[in-house]
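Step one of this worksheet: look at the structure below.
The values are calculated or read from the model by the stated rules, or taken from the named source; none is laboratory data. Computed from a predicted model, the values in this text were never measured in an experiment. FYI the Cβ positions are ideal-geometry reconstructions off the backbone, even for glycines, and counts take in every protein chain you see.
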Amino acid sequence: MRALAGRLKTTPVDLVTRVESLVEERRKLEREVADLKRKLATGGGGAPEGEAVKEIAGVKAILRQLDGVPGKDLRGMADQMKQQLGSGIVVLVATDEGKAAIVAGVTDDLVERFNAVDLVKVGVAELGGKGGGGRPDMAQGGGPEVGQAEQALAAVEQVIAG
């Protein structure tokens with residue numbers, strides 16, 4: 001305990017308090033990093049970058065690969081981007097820790113023409129996964145083939161193009 005206390009620059013009596021403080025600080029930093037990754041992936045929280053928005057068969061779309069972003073963060077990012085687009089389709093493929101995750105979001109005005117579940121299933125197939133699901137406006141899935149992220153986006157783009 002003395003060696004650990006010395007390493008943490010505290011006394012053995014205050015060791016528990018110091019460790020609790022460091023754990024809380026780490027949690028705070030992890031949240032900040034996640035927020036920064038989210039902002040970076042969504043274009044800094046402002047309007048989507050002009051070059052990031054494609055027009056495919058008359059539909060605005062954001063198709064983006066995000067490296068080092070956990071799959072659990074994708075839904076929130078896709079929702080944010082859908083709001084920024086107003087009308088369009090957002091497809092994000094994240095690669096993190098040897099896994100690939102895909103999320104597709106379709107704005108309400110386009111749900112009659114495009115189903116997010118169908119778009120995700122196409123992407124999941126390219127990522128070596130099976131299934132994928134959700135609602136017509138938001139769906140997600142994943143697979144083990146992180147090297148296939150670009151191909152997954154290209155396959156989804158072909159479906160949107162018709």
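Within region 109-132, the set of residues being in contact with a strand residue (DSSP E or B) (Cβ under 6 Å, 6 or more places away or on another chain) and not in a loop (DSSP other than H, G, I, E, B) comprises Ala116, Val117, Leu119, Val120, Gly123, Val124.
For Leu92, the conditions (1) crowded, with 24+ Cβ neighbours inside 10 Å; (2) on the phi > 0 side of the Ramachandran plot are fulfilled apart from (2).
I'd like to know if region 11-30 contains one or more residues that are at pLDDT below 90, outside the structural domain of Ala104 (by TED's automatic domain parsing), assigned to a helix (DSSP H, G or I) and surrounded by fewer than 11 Cβ atoms within 10 Å (Cβ to Cβ). Yes: one or more hits.
One residue is enough: does region 93-101 have a residue meeting the conditions part of a loop (DSSP other than H, G, I, E, B), acidic (Asp, Glu) and either under 17 Å from Gly58 (Cα atoms) or not assigned by TED's automatic domain parsing to the domain that holds Ala155 (or both)? Within region 93-101, not a single residue is part of a loop (DSSP other than H, G, I, E, B), acidic (Asp, Glu) and either under 17 Å from Gly58 (Cα atoms) or not assigned by TED's automatic domain parsing to the domain that holds Ala155 (or both). When region 51-72 is filtered for residues that are assigned to a strand (DSSP E or B) and either surrounded by 14 or more Cβ atoms within 10 Å (Cβ to Cβ) or assigned by TED's automatic domain parsing to the domain that holds Ala34 (or both), the ones remaining, listed by number, are Val53, Lys54, Ile56, Val59, Lys60, Ala61, Ile62, Leu63, Arg64, Gln65, Leu66.
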